[in-house]
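Peer 1: The structure that follows is given in the form of structure tokens.
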Amino acid sequence: MGRGKEWNIDLIPKFFLASGELVQILVHTEVTRYVDFKVIGGSYVYKAGKLHKVPATDEEAHASDLLGMFDKRRFRKLLLFIQNFNERNPRTYQDIDPNKTTTRDLLSRFDLGQDVMEFTGHAIALHNNDSYLDQPCLETISRIKLYSESLTRHKASPYIYPVYGLGELPQGFARLSAEYGGTFLLNRAVDEIVMDNGKVKAVKSDGKLFYCKQLICDPTYAPKCVRKMGRVIRVICLLNHPVKNSHEANSCQIIIPQAQLNRKSDIYISVVSYSHNVAADGVYIATVSTMAETTNPEREIQPGLDLLEPIMQKFVSVRHLLVPNDDGKKNQIFVSRSYDATNHFESECEDIKDMYSRITGAELCIRGSKRHQSHTSDDD
């Protein structure tokens with residue numbers, strides 16, 4: 001924490017899509033009464049060694065150097081189709097069956113080349129591999145629509161981030177929980193998860209038992225209930241300058257699509273700074289992450305680090321991506337997934353909804369909620 005609580009360090013920055021489900025969930029719970037957000041300064045994609053702003057509107061497509069003269073017109077037609085697309089109205093399908101037509105076929109119908117497919121799928125639809133191309137296009141249409149809707153809310157980028165960082169979210173939930181009689185025990189290690197006839201009975205901490213009927217936790221608390229699904233390398237870099245070719249943005253998101261580096265997974269870069277009260281004045285915190293594919297993860301992530309030079313200091317970690325072994329219904333221990341390599345919360349939102357369903361036996365429904373809206377600033 002900075003002097004006088006002027007800033008607070010955030011170790012794993014992940015951004016929210018402004019119109020995304022996670023923001024809707026936060027609004028529904030009313031935790032946004034305690035959290036303020038700021039807009040991220042820009043969204044960029046890496047191509048042929050250079051950064052390019054991600055186009056997601058007609059105007060941006062027209063001005064983008066990612067697109068050739070003919071691709072600009074075709075890409076604008078795709079955006080117009082998606083903007084008018086309504087899953088409940090078949091007349092908007094334009095002879096495309098969204099449940100059968102693959103994304104590859106959809107993009108081919110608009111005569112879009114491989115380069116346009118690449119940034120559309122990875123930097124706008126936010127797919128983390130190319131398997132989406134041969135799957136029904138409905139999900140990709142929904143993802144592009146969400147990105148565009150999020151962008152129209154704040155113009156600079158579709159992403160927002162809490163002032164003072166993600167640590168504000170657990171603080172907000174702690175306050176909200178206190179209103180309903182919840183109790184938080186901070187800085188307490190879990191010595192043992194106590195079981196009784198195959199079900200969780202209590203949590204032992206500092207020699208004391210805390211009884212419960214259900215236990216909800218992340219993988220670090222229940223190592224016997226999870227399995228490894230690969231490794232994530234994450235490098236936190238301290239900078240004293242904005243990222244080159246980012247229009248001097250105080251914060252930004254960068255995606256390096258897998259095909260640009262002949263990889264199986266994308267490289268993600270998130271940049272936050274003093275503008276979000278997560279660093280001292282003039283300091284930028286850039287986090288580079290990806291799924292490790294070799295025995296030398298640092299070499300794999302080097303192209304992302306090259307974009308950030310000069311780097312004052314960096315901190316490297318390689319950790320296993322952990323997922324629960326089962327749904328937790330039998331032993332009533334419900335474990336989340338660990339953070340993946342992406343620098344946005346879309347996959348974590350799916351995990352939240354999955355956990356809610358496993359815990360309650362019902363789907364999470366937030367439609368029609370009329371709850372408090374948090375303050376969001378467009379200033380960067």
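The values are calculated or read from the model by the stated rules, or taken from the named source; none is laboratory data. Since the model is a prediction, treat every value here as computed from it, not as a measurement. Every residue, glycine among them, receives a Cβ derived from its backbone with ideal geometry; neighbour counts consider all protein chains shown.
Peer 1: Within the stretch 22-79, take every residue that is of a type in the set (G, A, S) and in contact with a His (Cβ under 9 Å, 6 or more places away or on another chain) and give me the one that is modelled with the lowest pLDDT. Reasoning before the result, please.
Peer 2: Just the residues of the stretch 22-79 that are of a type in the set (G, A, S), to begin with: 41-43, 48-49, 56, 61, 63-64, 68.
Subset that is in contact with a His (Cβ under 9 Å, 6 or more places away or on another chain): 41-42, 64.
Values: G41: 93, G42: 91, S64: 80.
The extreme case among them is S64.
Peer 1: Could you say which residue among F81, F37 is farther than 21 Å from Q260 by Cα and touching a Ser or Thr at 6+ places or on another chain (Cβ under 6 Å)? Give the derivation first.
Peer 2: Values: F81 fails: touching a Ser or Thr at 6+ places or on another chain (Cβ under 6 Å).
Exactly one of F81, F37 is farther than 21 Å from Q260 by Cα and touching a Ser or Thr at 6+ places or on another chain (Cβ under 6 Å), namely F37.
Peer 1: Of all the residues that make up the stretch 158-197, how many are part of a loop (DSSP other than H, G, I, E, B), modelled with pLDDT of 90 or more and surrounded by 14 or more Cβ atoms within 10 Å (Cβ to Cβ)?
Peer 2: 6
Peer 1: Just to be sure before I move on: is L322 at pLDDT 95 or above, farther than 25 Å from Q114 by Cα and touching a Pro at 6+ places or on another chain (Cβ under 9 Å) in the structure I sent?
Peer 2: Criteria met by L322.
Peer 1: If you go through the stretch 29-46 one residue at a time, do you hit one that is under 30 Å from I285 (Cα atoms), among the hydrophobic types (A, V, I, L, M, F, W, C) and without any contact (Cβ under 8 Å) to a residue 40 or more places away in the chain?
Peer 2: Checked against the condition, which is being under 30 Å from I285 (Cα atoms), among the hydrophobic types (A, V, I, L, M, F, W, C) and without any contact (Cβ under 8 Å) to a residue 40 or more places away in the chain, the stretch 29-46 yields no hits at all.
Peer 1: Something else about it: Counting residues that are in contact with a Lys or Arg (Cβ under 8 Å, 6 or more places away or on another chain) and closer than 28 Å to L307 by Cα, which helices (runs of 4 or more DSSP H) fully inside the stretch 49-110 reach at least 1?
Peer 2: Values: elements: 58-63, 69-84, 103-109.
Result: 58-63.
Peer 1: Related question: For the stretch 330-345, how many residues meet the condition of being out of contact with any helix residue (DSSP H, G or I) (no Cβ under 8 Å at 6 or more places or on another chain) and within 18 Å of H122 (Cβ to Cβ)?
Peer 2: Total meeting the criteria: 4.
Peer 1: Next question, about the same structure. Among (1) assigned to a loop (DSSP other than H, G, I, E, B); (2) at pLDDT below 95; (3) crowded, with 19+ Cβ neighbours inside 10 Å, which single condition is I366 missing?
Peer 2: The number of the failed condition is (3).
Peer 1: Taking V316 as meeting all but one of (1) under 30 Å from K199 (Cβ atoms); (2) surrounded by fewer than 18 Cβ atoms within 10 Å (Cβ to Cβ), write down the number of the exception.
Peer 2: (1)
Peer 1: Across the stretch 336-363, which residue is surrounded by the fewest Cβ atoms within 10 Å (Cβ to Cβ) among those that are of a type outside the set (D, E, K, R) and in a helix (DSSP H, G or I)?
Peer 2: Restricting to residues being of a type outside the set (D, E, K, R) and in a helix (DSSP H, G or I), the top hit is T360.
Peer 1: Give me a count of the residues in the stretch 198-237 that are exposed (fewer than 14 other Cβ atoms within 10 Å of the Cβ), among the hydroxyl-bearing types (S, T, Y) and in a strand (DSSP E or B).
Peer 2: Here the count works out to 1.
Peer 1: Of the residues Y164, Y147, Y159, which single one is out of contact with any strand residue (DSSP E or B) (no Cβ under 8 Å at 6 or more places or on another chain), hydroxyl-bearing (S, T, Y) and either within 24 Å of F15 (Cα to Cα) or outside the structural domain of S251 (by TED's automatic domain parsing) (or both)? Explain how you work it out, then say what you get.
Peer 2: On the way: Y147 fails: out of contact with any strand residue (DSSP E or B) (no Cβ under 8 Å at 6 or more places or on another chain); Y159 fails: out of contact with any strand residue (DSSP E or B) (no Cβ under 8 Å at 6 or more places or on another chain).
Criteria check complete, one pass: Y164.
Peer 1: A follow-up question, please. Going by what's in this entry, would N250 be described as under 24 Å from I160 (Cα atoms) and either of a type in the set (S, T, Y) or surrounded by 14 or more Cβ atoms within 10 Å (Cβ to Cβ) (or both)?
Peer 2: Taking the combined requirement at face value, the residue satisfies it.
Peer 1: Can you name the number of the only condition in (1) farther than 19 Å from V316 by Cβ; (2) aromatic (F, W, Y); (3) at pLDDT 95 or above that Y268 fails?
Peer 2: (1)
Peer 1: Separate question: Which residues, counting only those in the stretch 267-288, are surrounded by fewer than 24 Cβ atoms within 10 Å (Cβ to Cβ) and assigned to a loop (DSSP other than H, G, I, E, B)?
Peer 2: Passing the criteria: N277, A279, A280, D281, G282, V283.
Peer 1: If you don't mind, there's one more thing I want to ask. I need the full set of residues from the stretch 36-48 which are outside any strand (DSSP E or B) and surrounded by 19 or more Cβ atoms within 10 Å (Cβ to Cβ), in order please. Full working, then the answer.
Peer 2: Keep residues of the stretch 36-48 that are outside any strand (DSSP E or B), which gives 36, 40-42, 48.
Once the filter is applied, which keeps residues that are outside any strand (DSSP E or B) and surrounded by 19 or more Cβ atoms within 10 Å (Cβ to Cβ), the stretch 36-48 yields I40, G41, G42.
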